[in-house]
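Quick notes on the structure that follows.
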Amino acid sequence: MTTLRTMFAIAVLIAACAHVSHSAPRQTATPPQDQPQPRAGTRPLPDIPTLLRDIVKNQQALEDLRRQYTCHLSEEQDKVDSDGRVKSRETKDYDVFYIGDEQALHLLAKDGKPLAGSEKQNEDDKFNKQYDKLKKQQAELAADPKKQAKQQEEDEADLSDFLRAELFTNPRRETFRGHEVIAFDVNGNPDYKPRKRIDSIIQKLSGTMWVDEDAREIVRLEARFTDTVKIGGGLVASLAKGSNFVFEQDKINEEVWLPSYAEVHASGRIVFVRLKQNFIDRFSDYQKFRSGVSLGATTAPN
């Protein structure tokens, strides 16, 4: 079944979708000193159409390169009441592996406590089964181009999809974490013809995007839904207007730009269950993928 986290998979998008109330939004967890600031007395802007074309090209290349890396994911999830107050908080730590376009998550710890004993063994077994299943699916897709094309129509999104379906206006120079960046206002492009089902959802996003001019990479994206998103006419799931997210990329090991932070706030519904949740994902410890990683008594991904 499609979930809100899948609907919001610009990520995690990117890794991922779910969740803060529109009526009582939670404040961003990004420290105030890390917020982008206007920059006065700046030099002229570069050729904007060329800059945007380079960003699209680079982002598509990064999404392919990302599959060559593993990383550590620390996830914080809050469930909130109708007034936006936190009812419960849960943290989880994972190792993340990519098999094609899919993520295989190996759970390592809950609420700061490493898994041990039978719980650890169960998670090791679950990961290996998930990995074997995704590896088999990937082989089937590679052998069947039509099936692979159909799979790409599923409700998953990458930043390259976002870049195609949006309009970028009001370019200006700002400062982010001590570095000069170029900011754009972002709104859905009403003239864009969706290539995938997810594109019609992306067109309901508005916000701000900050890019590194020299690297031609996205460093930060803030966006919110300007209308309610419905799956299956609203019978399967819906995501409320005003649901929003923050996404950041950073240069890793001085060689490649990869996701570093994602923050999602939204309210929505899956079937008859209403949800109000927050997610914060922090990505770290990127490493080039290597074979023979041991999970318990088994051998992990090649």
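For (1) of a type in the set (D, E, K, R); (2) touching a Gly at 6+ places or on another chain (Cβ under 7 Å); (3) more than 19 Å from LYS126 (Cβ to Cβ), each residue gets a yes or a no:
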position: LEU65; (1), (2), (3): no, no, yes
position: GLU76; (1), (2), (3): yes, no, yes
position: TYR94; (1), (2), (3): no, no, no
position: ILE99; (1), (2), (3): no, no, no
position: GLN103; (1), (2), (3): no, no, no
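Quick grid of which residues meet (1) of a type outside the set (A, V, I, L, M, F, W, C); (2) within 20 Å of LEU52 (Cβ to Cβ):
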site	(1), (2)
ARG195	yes, yes
ILE198	no, no
GLN203	yes, yes
ASP214	yes, yes
ARG220	yes, yes
VAL229	no, no
SER238	yes, no
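Which of (1) charged (D, E, K, R); (2) more than 17 Å from ARG282 (Cβ to Cβ); (3) modelled with pLDDT under 75 is the odd one out, the single condition LYS79 does not satisfy?
(3)
In the stretch 116-129, is there at least one residue being closer than 20 Å to GLN60 by Cα, surrounded by 15 or more Cβ atoms within 10 Å (Cβ to Cβ), in contact with a strand residue (DSSP E or B) (Cβ under 6 Å, 6 or more places away or on another chain) and at pLDDT 85 or above?
Within the stretch 116-129, none of the residues are closer than 20 Å to GLN60 by Cα, surrounded by 15 or more Cβ atoms within 10 Å (Cβ to Cβ), in contact with a strand residue (DSSP E or B) (Cβ under 6 Å, 6 or more places away or on another chain) and at pLDDT 85 or above.
(1) at pLDDT below 80; (2) part of a loop (DSSP other than H, G, I, E, B): which one isn't true of ARG269, the others all being true?
Tallying (1) at pLDDT below 80; (2) part of a loop (DSSP other than H, G, I, E, B), ARG269 fails exactly one: (2).
Can you name the residue in the stretch 272-282 that is more than 17 Å from VAL246 (Cβ to Cβ) and either modelled with pLDDT of 75 or more or among the basic types (Lys, Arg) (or both) and is also surrounded by the fewest Cβ atoms within 10 Å (Cβ to Cβ) among such residues? If you could, list the steps in order and put the result at the bottom.
So the first thing to find is which residues in the stretch 272-282 are more than 17 Å from VAL246 (Cβ to Cβ), and the list is 272-276.
Within this subset, residues satisfying the condition of being either modelled with pLDDT of 75 or more or among the basic types (Lys, Arg) (or both) are 274, 276.
Values: ARG274: 11, LYS276: 26.
Here the residue is ARG274.
Of the residues LYS87, LYS110, only one is surrounded by 14 or more Cβ atoms within 10 Å (Cβ to Cβ), over 30 Å from ASP214 (Cα atoms) and touching a strand residue (DSSP E or B) at 6+ places or on another chain (Cβ under 9 Å); which? If you could, list the steps in order and put the result at the bottom.
On the way: LYS87 fails: surrounded by 14 or more Cβ atoms within 10 Å (Cβ to Cβ).
When all the criteria are applied, what remains is LYS110.
The conditions are (1) modelled with pLDDT under 80; (2) within 23 Å of SER267 (Cβ to Cβ), and VAL186 fails exactly one of them. Which is it?
(1)
Taking helices (runs of 4 or more DSSP H) that fall entirely within the stretch 39-151, which contain at least 3 residues that are over 30 Å from ARG172 (Cβ atoms)?
Working: elements: 48-65, 117-143, 145-151.
Fully inside the stretch 39-151 and qualifying: 117-143, 145-151.
The values are calculated or read from the model by the stated rules, or taken from the named source; none is laboratory data. None of the values given here were measured: they were computed from a predicted structure. Quick reminder, even Gly has a Cβ in these numbers, built from the backbone with ideal geometry, and neighbours come from all protein chains shown.
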